[in-house]
Every structure is written in C-alpha cells, then in structure tokens.
1. Among DSSP beta bridges lying fully in region A:421-564, give the percent that are antiparallel, nearest 5.
2. For A:SER423, A:SER80, B:SER147, write out the residues from largest to smallest accessible area, computed with a 1.4 angstrom probe and no ligands counted.
3. Can you sort A:GLU382, A:GLU497, A:GLU473, B:GLU127 by 1.4 Å-probe accessible area, starting with the largest?
4. What residues have an amide H closer than 5 Å to that of A:ALA541, excluding those fewer than 5 places away on the same chain, when H is modeled at 1.01 Å from N in the peptide plane?
5. Suppose a student asked you for the relative contact order of chain A, using Cα pairs under 8 Å spaced at least 6 residues apart; what percent would you report?
6. With a 1.4 Å probe and all protein chains left in place, how much accessible area per residue does the protein assembly as shown have, in Å²?
7. Going 7 Å from the Cα of A:ARG427 toward and past its Cβ, which residues in region A:335-367 have a backbone nitrogen under 13 Å from where you end up?
8. Roughly how many nanometres apart are two label points built 7 Å out from the Cα toward the Cβ at A:MET45 and B:LYS319?
Amino acid sequence: MATKQTVVVSEFPSSAHPVGHWRNLFWWIALAVTVTAILQGVEYMSSASSSPPPAPIMAGQEREAFVALVFGKISSSRDSAIPTESFRADMTALKKAGYSTVRLAQVRRWQLDDEAALPEKPLLLTFDEAYRETLETADEVFASVGMTGVVFVNPSLLDQANIHMVSWHRLKQLVKSGRWEVGVSGCQDSGVGGFTSTEVLAQRYARERKVLEQRLGQPIIAADCSRAWNADQSGEADIWPQTLKAASLSVGFVTGLWGANYRDDPWSGLRRIRVSKEWSEADLLARLEAHAPRRKPFIDHFQAARSAPDWVVDRGEIAIEDGALRVASKEGEQGALVMLGGTEHWQNAGVEVQLEGQPQGQFWISLRQRQGEPFVRLGVSEGLALLQARNKDGSFNQLASREVLSGTITLALRVVDSRVVASVNGRPLLKRPAEMPAGSDYGPLTLAVWNESDEDPAGAGSASVRLNWVKAEPLPQKYGIVAAIPGAAAWTKLRREVDDLYMLSPKYFTWASGGTHKEVENRDLAVEIFARHHRLKFLPALILEDNIRSSETVALAEQALNWAADPAFDGLNIIMKRSTAGDRQSKDFLANLDARMAAKGKILAVTMVGDIGQDVFSLSRDDLVLVKDGGNIVSEDEYTVASVP
Amino acid sequence: MSTTEYFLSLESLPDQNIQHPTNPESTGFNRTFIRLIAIALIALCMAVVLGVRWSNFTYYWYQPFVNAYSITVGVFIISRFVLSVFYKPPKDVGIAPTVSIIITAFNEEEAIYRTVECCYSVDYPPENFEVIVVDDGSTDGTLREVSRAQERWPQLTLVSFDRNKGKREAMAAGARVSSGEILVYVDSDSFVRRDGIKKIVQGFADPTVAAVAGHTEVANVAENGLTRMQQARYYVAFRVIKAAESIFGAVTCCPGCFSAYRRSCVMEVLDRWLNQHFLGVRATFGDDRSLTNMLLRKYRVIYSGEAIATTIVPEKHRKFLKQQLRWKKSWFRESLIAATFMWKKPPLAAVAFYAQLLFPIVAPILILRMCLWLPIANNDFISPMVYFLGTVMIGLMFSAYYLFWKSDRNWIYGLYFTIYYMIFLVWQMPYAIATQRNNGWGTR
C-alpha cells in the first residue's frame, strides 16, 4: 500500500503544499474492513470446527453406585502415556456397552437426594492433570461420542504458562463447551508431602478453588488426592475430609482400593479406578464389570490363566496355579487380604468356598467386613473350622467350631439381615443361626490368610491357601406371611425356606373402613418360637382391607401401636393395596407411624399388594406367601415392594 | 555502487583514520556469491523468526502479553525489510534550487575545515548554493579554522555566538541568515559526498515534501569494534527503517548530520521549534527529530538513499552511551508528540509508528521477565533461550542485509550491535524517560 514516492515536475515548486491527510481515511476504512473480515472469518472457522455440545443428562434408574475412572497422560508420542487410539477405542467401547458419563454436580445431587437417580451404568471420567495434549485428545473424543469428564487442575502450574499444560484460555473454552468440569488438584506436589495440618491445606485449597472459580466462572466442588495416604500416620485419614470441608469443597477423590462409589459412602473419599495403558477395551470393560455393584451370582472355578479382575488384592498376592487360586502373604507380611469387587455394599449374601486342603496358617471368609466395624467370619485354622464374630472393640467371639479332616474343605456362609448360617462340608455348624453383631450393616466379601505363628511371623508365603472354586451371590431380603395357625403344608414350606428369610409375619390383625378391626382369636405359639429359634424378626401382619380414610388415621395409628406394644412382637407388617399407598395421606400416615414405632423400638414393615385375589391375605387363608424387598407387585410365591416410603 | 570517485582523497585527510564508507572488498563473481549467501542467511533467519512467531501464535494464550509483543516485533521487522524492497529514491528530475548549507559547530577545530571543504567540493552550480557556518560559542580553535576556510572561500558566511546557546539556536540563526530555497544542515564532523546536494534536493520536486533525510554512513568505521557496530547500525537504520518510512512520506527523523529542509516550511515553524518546551523544561536536544516532527505534521518527509554523507561517530563507549541516552530522550519526547498526529498518516505507517512507540518501553520489562523471572520463578530456561535466539536471528538478518549491499567484513557487527543493544542500550530507555527534564547535552 505504498503511497506516491515522488511527483515528477520539471521545475522546482516555489511553495510547499500540505498533504491531504483526508485521503488516508479511505485507507483506514479499508484496513478496518479487512481486519474485521479477517476476524469474522477466524471466528466463523473456529465456530464451524467447534464441537457439538454434550448430550443432555439422561434420567436413569441407578440409585446404588457409580464407578469413577482416572486417566493419566494421553499421548501418541510418549511411551508412558495411553495412546490416543487406545483412548478413543476405550470410549467407543464404553459407549457401546451402555455406559453413560455423569457430572460431578449430578453425582453430588444424587448423594444428597434419595429420590435422585443416575443413568444406567453411570461413569465418571476424571483426569488428574491438565496436560494440553491429554485434554485436547480427550475433548475431541468426548465430542464425537457424547461424553463428559472432570480434570483436576493446579492453578499455579497453569500460571507458569507451560505449553505442555493447557492454557487458561483453552481451559475456559473446554469448560464452556459443557464437556468438562474442573476440580482442585489436591496433592500432586511435594508441598503436600504429608497431611499434617488442616488449616494450611484448607487455605491452599480454598485459594486454588477461588482462583479456578474466578478464572472459569464455574463453581468448583471437588478435589483429588492422587497419592496413597499412610493410613497409619495419625490423623491423615481425618485431615483430608476436614480440609475439604474447611475449603468448601464437597467432593473428594482419593487413592485406595478400587471400587464403585455408593450413595452413602463418605463424600470425601470417593474411589477411582486408574486406567492402565496396558488394558485393552475388553480389559477396561471387564474391570468396570468387576467393580460395579455386584447384583448377580458370581462363580469362579479358576480355570483361566490369570486371576479374574474381580479379585481386588488389598494385601498379599494371588495367582492361578493348576486350576486353583493361591492366596498367599508376601515376604515380610503376615497375611493376605482379597476382596471380591462390587461387593462393598453387600448386605445379605451367601458365599461358598472349596479349599484344596488345609491352609498354611489361617484362612477366613468374611461377609460385611469393613474396617473398624463388626463382622462375621468362617475359616479354617489348625484343623478346625471356626465361626467367629468380630466385635466393635476388635475382639472376637467364637460362635462355633468343628474339626475338619484333611482333603477338600467346603465352607459356606450366609448372612441375611442379622442371621448368620454357616456350614462346613454341607453340615451346619450351628443348630440355629447365629446373630450378627450389632453395627454390621453391609460390607464386602473378603478372603484372608493369616500366619499367627510367633516363630516365623513374616516369612515368604508364610500364610497361604489354595482354593478350587468360589461361589458368591447377593441375597434378597425375603420374609414370609403366614396364617396365624399354619397348616402342615405351610410348615413344611416354612422349614424349607427358613434359611432365606429374615422375618416372619403371621396374619393376626385386620382393619376395615369404619374403624372395624379384628384380631385372630387363636394363634399358634409355635410360629413365634420358630421365629425366635431361627432368629427371624417377628412382625405380625396387619391387613388393611380398605383405603385409609383421613378420619380413621388417628384411630388406626393408635390401634397399631397398641398391637405392636406386645413385647413378643418386633413390630408390625402392614399389608395394604398398592393403589392406596401412593397418595400423600397414606405416605404421611405410614411415615408418622414408623417414627412413633421406632421411638418405641419397634419396626414397621409395609407390604403393598397389587391385583391378586383379595383373599390371599385374608386371615383365614392358610398359606405361606414369600415376599422379597424391592421387587414388583406381589403375587403368590412372588415378590412385592415392602418398605416404608 | 562505488563511491570512491566522489570523496576527497585520503591524502587530504592525514589526521583522521577515515575509511571509505563503501569499500567493497570483493567484486564480480565473489560479490555475487556473497550476495547469495546473504540472501540465504536472510531467508534462514526469517524462517526461524517466523517459526518462533508461529509458536507465539500457537501458544498465544499462555503468555498473551509477551506473545503479542513478540508477534508485533517480528511482523514489524519483517515488514520493514519487505517495504524497503519497494523503496525508490527520489527521481533525478534535474532541479537545482538555491541551497544554503548550514554547518553548526561547537569545538570542532579538528573537522570543521574538512567539512567546509567537502561542502565546497560538491557537484552543484556554485551560484546556487552558499555555505554558512554557525559557531556556537566554541572555546577551542574552531573560529581559527573557520577563518582559515574563509581565506580559501571568501564567500563562506560565519555566524558566531559569543557564548554557547545550543545547537537549536545555531540552526535557527543559520536559517535566518540563509537565502536559499533549501536548507541543508550538515554536522561539523560530517562529510558530504560530491553529489550529495544534487541528489538530496531532487526530493523537493514534490511540493508536499518539506524535508529530505540524507543517507549517512560512518566515516571512522575502521577505528574499532564500536565504530564498526555503528556503521552496521546506521546502514540498516537508513536503508531499511527510513526507506520503509519514506514509502509513506512519514520519515520520523531527519538526521542532523545531513538533511535538507524546504526553507519556507522551516520558517513557518522556526519560532515554535526554537521555543519548544517539554514538561516545563526548554527542549535543547533532539533538534533534528523535533524539527522533523513539526514539518511532518503537515507535510511529507522522505529519505534519499542516494544523497550520501559520512560522519564521525563516537569511538569511546562512554561518549557513545551518552549520545544514545540523549537520542533516547529526544525519541521519547518527540514520539509522544508525533503520536498526536501520526494517526492521520497512511494506516500502515501509523500502525508501525505506534507499535514502534511501545517496543523500547516494553523491551526492558520483557527482558527482565524472560531472563530473570521465568528461570527463577518457573525454572523455565527455555524461554530466555528462545528469546535470545529470536534476537540473534533479527541481528543476523540485519547483518545479512548489510552483507548483501556492502559485501565488506563489517557485516557481522550488525549482529554484535543487536546483542550490544540488548545488554546495554535497552536499559537506557527507562532512565531516559525518568530524566526527561534533564536537558543537558551529555556529550559536550
């Protein structure tokens, strides 16, 4: 855009002419138009290439747990990173297998609200460092498959303008795209060598949270700690949640045993499965299956070359040897502890294990084993099969024992509600079920070996066992509704089913509209004795023949409390039509009655009945109706919903 | 382009170690080969600079301020080279207006006679030019030498101050007593090439041109490394920077050593220029830049690459640094003033001017950040190396450009000067800004 350089004249001009600067206005306009056009073009190109927004959050049915994954670097040029193509294949496989990504905010809402549900097969994808290449690669893949992720960021690293990390500008774009959420990267540097002070850490996390919120314009609710804690260090496990709370962070991710995250898990200690670059898509899916809440029976005959990913080793080591699973302690350690993935929140379960022979040291199978909480275990030690209960204070009560001979040993343990049934080689260890210690509500299935010998406390493989197979299954809560005086057929059925029951509900009472209520004249005391012997809860049934009228709720409640007050009763089981249980009045009535009964130490159960014969639950009908918690509408020998809403 | 025929013989200058400013040591095939190497070097440096700038663009958001600066500097420098390719000196249309050559002198007894001698040796109609010497209260033998020159050239006009009043007063006095249509100001230690006057006046054929900057090279180039660096620097400053500015008629500084002004335009602004004040202090230094600014506001100011003179530059670092400090002070003052009207100029010239206004101010801050803060705070030793590489590449570009045109051994000093600037001169700017009100000349 050169202007004239000289004007050729033949004579020297006698006077000077000022420059007409106004001409330059046109050039300024042309420049402005050009620059504007370029900027518009750049914006158009960038918007054309921008990725579509993430798929909307789907409503779902998952109310129990979700699994979180954590990824390190994703790169095609670094040996230690997950290759880009592998990551893409993993995400595609996850999508194909029906997994849906969830967001932190969604998870938090789900944790706080019992009514909230997550999509089926919920998955939270996290990245523990904001590497540029990782995020760009992941974002591209997320955009194509409709997934979301969470990245934990150290703001001071981004402030260093290191081109290997994502820039603030780009991070903001990623968050704005809707595909990404951000958390505080908690303890990846030496500044957090040990959790010794809540105050110092909380100040740091709060500062970083504020920086992130200011920069990104989004609330920050989570932090992660990608290093293992030393649980033996006094207070470390307590400092972390206190720190998060002080820094106003509501979700914390830690490093520990892999597993799903359940609704009532502590919000500060959510677990993540670290994805290895060695895994294929099938490996990843297998691990997810292994750690998702286990709702189906599990059988392992140990015929594969390697142990299944379902087994999570906390201590020691496991290996498949000649069609058996060898569980052993490592050198320098006294024992080994293995957990079956996906069983962290098993309440009622049954497990059966066959040992190849006597273990070296002690061998135990446990249900509901949580650190610091009571549980029950069945094991073999020095030729004896033992059933023990761990108390809250750590001491053990021996419930039963029996000598076991050499050869294969089959141990079976079942826990339903507070009842424990154990058998060795098919023979019950106890004549009546044992009682679970109080406070043992749920927990995983674990296998353990232990060497208590003082002579050789930590020799290599000092404790070990070989297992031929393991069978385990979660058990539904079942109870029986029976006549006040059962007939022979009902008794036969009852004896057959007793091990699967946790409650017995004889039909003692009815209530009809108008306040008419009836109570059976005769009761078979044997039913109560049977229930007590088998440690079944005894909740007589109160059948509501009609809808609850608002004018009768007070009287009904008083009568129910009166009936439940019987010291022989553990509470009442109200049987009502499902159609009447859904309205607000009924819900309020049941909630109120439940609270009042709980205050008196009584239990209220509710059985909702669908379209079946009306006389199924009549007082006169002699039958045993088996009911399962959380099922569908009852039919004879089928299941029904049975819980107070 | 050999200029030996246009200069006084060296025998006439026994006491000065003055080299021909243009002394190609190679001719013919060697010259072609050297030029090819120079082009390759320029291309290589440009490629590296562009590569670095591309990374500034790619990773822009990591350090937006730094990257914007780097990109702007890169674009600016490359644009100067590109524009200078399109520069054409004023066409020789054969005009020969009356010229008053004004030489201001203060304690220049060693060079004044030779300067006058050069002026009277120019190839220009004798009846169309006069030479005026204004002695600014010299205390050495300057007046004696001027008297000696008057004996040889009786038509020589002398204006003598009884005391030192400053160069601006001397230049104004010369303008007042002059009668020529064109005023050519020559420093008392500068030597005009024989065709210098003839060439420089051709620029005034354009009635919108109020001033023409001549091309100046270093007379004492062979003295030492410092003078060689200044030679390379002068060459690039004129042949690249001024040439690029001249395309838009927006040369921002006509050098005091050799420039021409239309007398009528000078007289318009003479009083204002003489009485210029800045921050409440009378402006003494920066006379050339100040006068250029006042004319640039209404007129065009161009550069003539064919109107050549040489000048004696500082040979000692102390004097050189003082001179540079003075130049920076005048640059800062006049740039702020020019900023008020440069937006009226063609957009590319205006944008380049405003960008160039920021560079020397931002540079010290940037160097501190790159070379101190980043390594200490972030353990980042890559960024200063990249910065240094970019600087070296730009210096090499300047050197290669010099090599292309001059083909002498001084070419590498262009790179040395760039490094010298980064180490020493860049820090003068904050000091120059802070000491604006100190209007001492520094080198007198």
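The values are calculated or read from the model by the stated rules, or taken from the named source; none is laboratory data. Because the structure is a prediction, the values reported are computed rather than measured. No Cβ is skipped: glycine too gets one built from the backbone with ideal geometry, and neighbour counts run over all protein chains shown. Just the protein is used for accessible areas: all its heavy atoms, side chains included, with ligands, DNA and RNA removed. Shrake-Rupley method; radii C 1.70, N 1.55, O 1.52, S 1.80 Å.
1. Values: 6 of 17 bridges.
Bridges in region A:421-564 are about 35 percent antiparallel.
2. Values: A:SER423 25, A:SER80 95, B:SER147 50 Å².
Final ranking, largest accessible area leading: A:SER80, B:SER147, A:SER423.
3. Values: A:GLU382 170, A:GLU497 35, A:GLU473 70, B:GLU127 140 Å².
So, going from the largest accessible area down, we get A:GLU382, B:GLU127, A:GLU473, A:GLU497.
4. Distant-sequence amide H within range of A:ALA541: A:LYS507, A:TYR508, A:PHE509, A:ASN573.
5. Values: 1371 pairs, mean separation 57.1, N = 645.
For chain A, the relative contact order is 9 percent.
6. Working: 47420 Å² over 1089 residues.
Accessible surface, normalised per residue, equals 44 Å².
7. none
8. Simple spin-label model gives 5.5 nm for this pair.
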